[in-house]
1. Hey, how many Å between the Cα centroid of region 1-54 and the Cα centroid of region 98-118?
2. Could you tell me, in Å, what Rg and Dmax come out for the Cα atoms of region 1-111?
3. Quote to one decimal, in nm, the extra length available between GLU6 and ALA58 on full extension: 0.36 nm per residue of separation minus the C-alpha distance between them.
4. Using modelled amide H (1.01 Å from N, peptide plane; none on Pro or chain starts), what sits under 5 Å from the amide H of TYR90, excluding residues fewer than 5 places away?
5. For LEU42, enumerate residues with amide H under 5 Å from its amide H, sequence gap 5+ or separate chain, H modeled in the peptide plane.
6. Which percentage, to the nearest 5, of the DSSP beta bridges contained in the chain is antiparallel?
7. Applying the Karplus parametrisation 6.51 cos²θ - 1.76 cosθ + 1.60 with θ = phi - 60° to the phi angles of region 95-112, what ³J(HN,Hα) value in whole Hz is obtained for each residue in order, glycine and proline being reported as x?
8. Per residue of region 82-89, what does 6.51 cos²θ - 1.76 cosθ + 1.60 with θ = phi - 60° give for ³J(HN,Hα)? Whole Hz please, x for Gly and Pro, Karplus curve as stated.
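The values are calculated or read from the model by the stated rules, or taken from the named source; none is laboratory data. It should be emphasised that the depicted structure is a prediction, and the values quoted were computed from it without experimental measurement. No Cβ is skipped: glycine too gets one built from the backbone with ideal geometry, and neighbour counts run over all protein chains shown. Quick note on the areas: whole protein, heavy atoms, side chains included, nothing else; ligands and nucleic acids left out. Shrake-Rupley method; radii C 1.70, N 1.55, O 1.52, S 1.80 Å.
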Amino acid sequence: MSAMNEKILWYVADPMCSWCWGFTPVIERIRNEYGGRLKVELLLGGLRPGTKEPMPSAQREEILHHWHTVHCVTGQSFKFEGAMPEGFVYDTEPASRGVVAVSLINPEAVFPFFQAVQSAFYVEQQNVANLIVLAQLASSAGLDAQQFLRTFESDAAKRQTLAHFQKARQWGVHGFPAVIGQNGADRSLLSTGYCSFEELRTRLDEGLMK
């Protein structure tokens with residue numbers, strides 16, 4: 001194994017996590033500036049997988065309050081009016097499995113697709129728990145929609161999605177976003193929750209990159 005591949009930065013996130021959307025510019029800068037020296041991997045944490053009931057209005061108001069906070073802190077765009085309409089089921093498993101399906105088809109497309117799902121949900125108010133919406137996003141990302149649909153429904157995608165969630169729990173991650181540095185067999189938590197690029201860069205340089 002090359003020295004580059006021994007160091008991995010794990011980004012633990014969920015495509016329907018608002019603070020992860022706020023963190024997108026930070027992780028993109030990290031990928032751009034450190035991508036040649038370490039491997040950046042996405043681990044899907046599972047924010048609300050398997051939710052079956054429509055969202056109560058009180059919970060919607062609480063989540064919208066979080067969205068406003070994320071917008072104020074990070075400057076990321078949101079469309080608030082009409083978001084999460086009545087009857088919306090906040091199940092994050094389909095969007096996460098969509099990302100896994102893309103990873104099985106073309107690993108290079110994982111981060112662009114992940115961000116496309118985030119933008120579709122937060123800015124365009126698309127229901128990214130819907131398979132047809134996910135297939136359209138995959139097609140826009142340059143993937144074959146039919147291949148995406150087949151892969152999404154495969155046992156491999158279902159198993160791997162669950163494996164992502166389980167690994168995040170095993171590593172003790174319960175809030176997103178989180179960033180974990182791995183050097184060989186050693187892992188260290190570099191950040192949990194939102195932090196600025198400058199904060200993360202300092203922790204990365206003093207930890208994983210030293």
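1. Rounded to whole Å, the Cα centres lie 11 Å apart.
2. For region 1-111, the Cα-based Rg and Dmax read 16.3, 52 Å.
3. On the way: separation 52, 0.36 × 52 = 18.72 nm, distance 4.60 nm.
Here the segment from GLU6 to ALA58 would lengthen by 14.1 nm.
4. MET55
5. TYR11
6. On the way: 12 of 18 bridges.
Bridges in the chain are about 65 percent antiparallel.
7. 5, 5, 5, x, 5, 4, 4, 4, 4, 6, 8, 8, x, 5, 8, 4, 5, x
8. Couplings: x, 5, 6, x, 3, x, 5, 9 Hz.
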